[in-house]
Amino acid sequence: MKAGLETVKNVVRNVLTFVLWILKEFLTMPVKIINGGGWPKYIFIFIHIFVAMKVLSDVYGALEAVIAPIPTIPELVPDQSLRYVRDYTSARAPAVMLSKEGAEEVREEMTKQAKYCAMLSSEQRRWCESFTNFDVLTAYNKFRDLKKEYCWENANSNNWIETKNFQLRYYELDEDSYYNYSPTKDMPEYGVTYSMQSGAIRGKFNADPALGEHGKPWMNFQWGNYDHGYTKQTCKFKAEPEERGNWYVERVGPFTNRNIGSWHNIWWNAFEDFQDELEANYVSSYITGSLVSVVDKYHNIIPFPPLHYHHFQLFFVDPLQQIWPRSVSLEAETLGDDMCAHKGLGPLCYMKWLPPGWGVNAAPRYFVDSLINFVTPPHLEDDQEFWFEVAIALTDNKRVKIEPMTVLPFMTKDYYGFMPADSGTYTVPRGTDSMVWDTVEMPLSVDLLWWKWHARYDYTSEIWIVEGDGKEIFGFDQDPYIKYVVPMTPDDVEGARDDPSGDPMKEFHNDIDAYAKMRIIVPSETALPVKARYLDLKATPMNNIEKAKQDLMQRFHAYNKRQHDINGKESQFIFKADEFEQFHSPVGDDKEHLWTHRPLSIPTRSSFNKGEKFTVVAFHRSVPHICGDNCEDSKQQVRLHTILRAEVAVRDPVVRFLLGRTGRRITYYAHYYGLIILTFFFLLLTFLIFGSISLYRQGKCVPTSGPCAFGKPPVVYKRVAVDDKEVEATLNKSIDSNKIHRVL
């Protein structure tokens, strides 16, 4: 017993001795390094300067937080008035005011929407209310009130700027002209091409070295004209709550042709009057809200119908973005299926009002690209005037607490549509049942905040997003699920058109593979140079969509049974969109034709991990009530989107850091001052290397060899004596006195 206690005491004593020795060495290390001199001293000082700066910064931040707490974005005071809501079930919308009965229908629809939002997770519920229900109504009411007070609606306001003769590209086309794929130079649609748009968007910010000569901005590129007769009006005012920053609002017009079948394509550089201001602070700025829409003379949003938003995008032209052409329309776009229910808030849901505390990275420059078309006849008793209007709420207050979010798409990416000329669409055959699919891999670990389907419902029967690889689950790419491929030919290479440098695509006319690699926005194994890739179900034993779905579900259940027996893990449907007529509504007296609003879909899970695979499956056929009775008679190609656009919070720590203010600043300096930074570190490294060589030649040590190595006597950083006997005597004296130390 006594011996055991003694053993324990010795162990404790030895542990304490070792800990005290480590502590002593740690405390005396700086003194040894400083006294020793040489290059370790300089490295030590260099590192500790940065450490000291970080400590001082943290102390200053802590004191600032105590004296002036970090502001967060508060909620707006609820305002559920329907004063700006119109009757969107009327064929004359938005000219018709809400009746008492109509207001009751809006309230009922909002109650239904609230029940839907309540079925989601707590964070998703906030986004649901902010984008589609009570919160977006409050935000829109406040926005309209402030705009009425500070902008062009107020004749006494001097808070806005009016510009004539600005750079504008505007084409007005009819239905046949828009779908003319072989225009001649005398036709206005000749210039409607993404090869031209990419040069316009790039501007001075968008050289892309990955594309070589083809990625450089077109310095002499001229698009649009200045002598057009249209007006640009720009306004800036403080947002409410003020922690959201400032609203920047701009509109272009007036336009008047609302004839059915008229298409309007417009580009302009947005917010040029505030360019210096936006560019100066963009690295640390966030967008907290936006509204991109077409408005009538009285500032009301024109809904769908009568107006179909093929796309209306405010591009964030940001050199720090990694997606070609370094421009995205995050949280600032409106598409044809963005409406809330016609009996509810309708086009007010075009507003993106991010929940308090969330933001999306701002950009130094903004560019508008819109293509709209009128789908119902105009009512001549109503004013025909309309304007294209964009608005962003932007905060550059570096102290406001913002959590950055981003957008990821789940999509069928297995198509030629990644070529910009096709606007990210793919084609399927007309007059038959068909399907497409693709397996996508999550590039990041994310939490799902909100989502939006973007699809052509008039030619879509159902959409699935399934957990796992479709090849393993459904047997895709094996008989009978082998897609038919329509290859691309040299005739499909996009011509120069308005590119002033000649035909930049000439070298690709005989090299389709190289053309695809150069033009595809997001390179992938499946993004090959093909014009179409689909499965015609009538050419298979299934014959139609119903039998194909039945077969796929049998394969799905069989796969899950096998997986359950092996490891207990089964696949599941993440999303399923079908019964499209449930989120389509009649408008006016036409009860046969249905118009799109947002589907109410619920995901089965909300967290996704990097590397996980998901399979997107889309089934296509014409839907008469949506497509129209003459849908199959059209001569146009069936060009489709199938995208689930998801707002996400990134969980990957590195990516999350880079989306934050500090990460953006580091990325900014690395992007613009990378050569200077590399030069500095190269000179520092050169100094250390040559300094070490110099010290060594003078007889001073390096820590891994010579008398500085572990177990050698403490003769560090002493000039080697000329007399070898003196050196030997010094070494022997040190050894005899047991003064051997670890040399640092």
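The values are calculated or read from the model by the stated rules, or taken from the named source; none is laboratory data. Remember, predicted model here, so these are calculated numbers, not experimental data. With ideal geometry, Cβ positions are generated from the backbone for all residues, glycine too; neighbour counts draw on all protein chains shown. Surface accessibility is based on the protein's heavy atoms, side chains included, excluding ligands, DNA and RNA. Shrake-Rupley method; radii C 1.70, N 1.55, O 1.52, S 1.80 Å.
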Sum of side-chain charges, Gln124 neighbourhood, beta-carbon under 12 Å (Lys, Arg +1; Asp, Glu -1): -1
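Which GluC sites (Glu not before Pro) in segment 524-596 pass both tests, a DSSP loop state and at most 15 other beta-carbon atoms within 10 Å?
Answer in residue order: Glu525, Glu570, Glu579.
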Residues whose placed amide H lies under 5 Å from that of Val638, excluding near-sequence neighbours: Val428
Gained length - Arg661 relative to Asp536, 0.36 nm times residue gap less alpha-carbon distance: 40.1 nm
Distance between modelled label sites at Leu675 and Asp174, nm, 7 Å Cα→Cβ extension: 5.5
Segment 75-153 - percent of accessible surface contributed by carbon and sulfur, probe 1.4 Å: 53
When each of Lys483/Lys576; Lys232/Lys297; Lys238/Lys452; Lys352/Lys398 is checked by Cα-Cα distance, pairs over 24 Å: Lys238/Lys452
Prolate/oblate/rounded call for segment 530-672, Cα gyration tensor, a/c under 1.5 rounded: oblate
Distant-in-sequence amide H partners of Ser285 (H built 1.01 Å from N, under 5 Å): Ala362
Label-point separation in nm, Met119 to Ile566, each point 7 Å along Cα→Cβ: 3.3
Selection from Asn159, Asn141, Cys128, by position along the positive dipole direction of segment 77-170 (Cβ): Asn159
Stretchable slack from Val486 to Lys471, in nm (0.36 nm times residue separation minus alpha-carbon distance): 3.3 nm
Met97 paired with His48, simple spin-label distance in nm, labels 7 Å along Cα-to-beta-carbon: 7.7
Gain in span if fully extended, Val12 to Lys613, counting 0.36 nm per residue against the direct Cα distance: 211.0 nm
Summed residue charge, Cβ within 11 Å of Val77's Cβ, Lys/Arg positive, Asp/Glu negative: -2
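At most 14 other Cβ atoms within 10 Å and a DSSP loop assignment: could you name the trypsin sites (Lys or Arg not before Pro) in segment 564-625 that fit? Write out the running numbers ahead of the final one.
Details: sites: Lys569, Lys576, Lys591, Arg605, Lys610, Lys613, Arg621; in loops: Lys569, Arg605, Lys610, Arg621.
Answer in residue order: Lys569, Arg605, Lys610.
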